[in-house]
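J.: Take a look at this one; I'll ask things after.
Read-outs: derived from the displayed coordinates by stated rules, not from any lab. A quick note: this is a predicted structure, and the numbers were derived from the prediction, not measured. With ideal geometry, Cβ positions are generated from the backbone for all residues, glycine too; neighbour counts draw on all protein chains shown.
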Amino acid sequence: MKVIAMIPARYSASRFPGKLMKDLGGKAVILRTYLAALKTNLFEDVFVVTDSDLIFKTISNAGGDVIMSKMEHECGSDRIAEAVEFMEADIVINVQGDEPFIDEVSLAKLIDVFKDDTKNEIDLASLKVPMTNWDEIQNPNNVKVITDNHDFALYFSRSVIPFHRDREIDVKYFKHKGIYAFRKEALIDFYHMEMTPLEAAEKIEAIRYLEVGKRIKMIETKVESIGIDTEEDLEKAILFLKKS
């Protein structure tokens, strides 16, 4: 089973433009992410996939493997799919370019999902993190996920799900971490499908997989990643790097 990592790296970002090229301890954020992915030794190949000449040159000049997108893409899955369509690979891991402190243990668990799936019943695997803070639960920037009794995703939403109508019932809330492990076939199927109505409404690409019948296995993790979406996040990442 050949496992590769793809790091989608779009230069523009609505909340923090150019964030992947910001300096983080002497290296660009995207370069730190690429090097961290290599260091895990979980992947046979690691690629950055970008729409930016600047990012392309940064990775290339550091001796890394980088691919320039040929088309504009609405989401990371499409960007990755274009790059891997004609590559030899069984499992494709989407590593977030703005999360340079990679959770190696959780990534290994995602890969193990497919090693254990001898009947090829799982199309994707992804991560969920418990949430208890009500402000975080209500925040539409935090995508929530609910699962069945076997930890397969039922739905993702920016709204509060489940709705806690009866407060006597104990329910748990989980945030979706946007790290995916795909069977290559599922990723390519996604790439050749139109955006679905619910996906368009919620702006959550995982919903397209559910709407067309793909099965997403969710793995619980307690590890909260340090994603860089704002200047404040970058300052936190700098402090974390100095302490580590």
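J.: Can you spot the lysines whose alpha carbon is less than 19 Å from K115's alpha carbon? Ignore those fewer than 8 places along the same chain.
T.: Straight-line reach from K115, under 19 Å: K2, K184, K214, K217.
J.: Another question about this same structure. Over the alpha carbons of the chain, what is the largest minus smallest coordinate on each principal axis, giving the biggest first in Å?
T.: 57, 40, 32
J.: Excluding residues on the same chain fewer than 8 positions from K39, give the aspartates and glutamates whose Cα lies under 17 Å from its Cα.
T.: Counting by Cα, and skipping residues close in sequence, K39 has these aspartates and glutamates nearby: D65, D98, E99, D103, E104.
J.: For the stretch 81-96 and the stretch 162-239, compute the distance between their C-alpha centroids and round to whole Å.
T.: Between the Cα centres of the stretch 81-96 and the stretch 162-239 lies a distance of 18 Å.
J.: How much of the calculated P(r) for the stretch 1-103 lies past 21 Å, in percent of all Cα pairs?
T.: Here the long-distance tail beyond 21 Å is 26 percent of all Cα pairs in the stretch 1-103.
J.: By count of other Cβ within 10 Å, fewest leading, how are F156, F16 ordered? Show your work: numbers first, answer last.
T.: Working: F156 24, F16 16.
Arranged by neighbour count, lowest to highest, F156, F16 become F16, F156.
J.: Something else now. Just flag the GluC sites (Glu not before Pro) in the stretch 130-229 sitting in loop per DSSP whose Cβ has no more than 15 other Cβ atoms within 10 Å.
T.: Filter output for the stretch 130-229: E168, E194, E224.
J.: Next question, about the same structure. 5 Å is the cut-off here: which amide hydrogens, built 1.01 Å from N in the peptide plane, fall below it relative to L154, excluding neighbours closer than 5 in sequence?
T.: Amide H neighbours of L154, under 5 Å, 5+ apart: I146, T147, D148.
J.: Quote the relative contact order of the chain in percent (integer), defining contacts as alpha-carbon pairs under 8 Å separated by 6+ residues.
T.: For the chain, the relative contact order is 23 percent.
J.: Report the Rg/Rh value for the stretch 35-159, based on alpha-carbon coordinates and the Kirkwood definition of Rh.
T.: 0.98
J.: Give me the aspartates and glutamates in straight-line cross-link reach of K203: C-alpha distance below 12 Å, same-chain residues under 8 apart excluded.
T.: E74
J.: Using the C-alpha gyration tensor of the stretch 104-238, what are the square roots of 5 times its eigenvalues, in whole angstrom, with the largest one first? Please list the in-between numbers first.
T.: Details: eigenvalues 113, 74, 58 Å².
Taking √(5λ) for each eigenvalue gives 24, 19, 17 Å, largest first.
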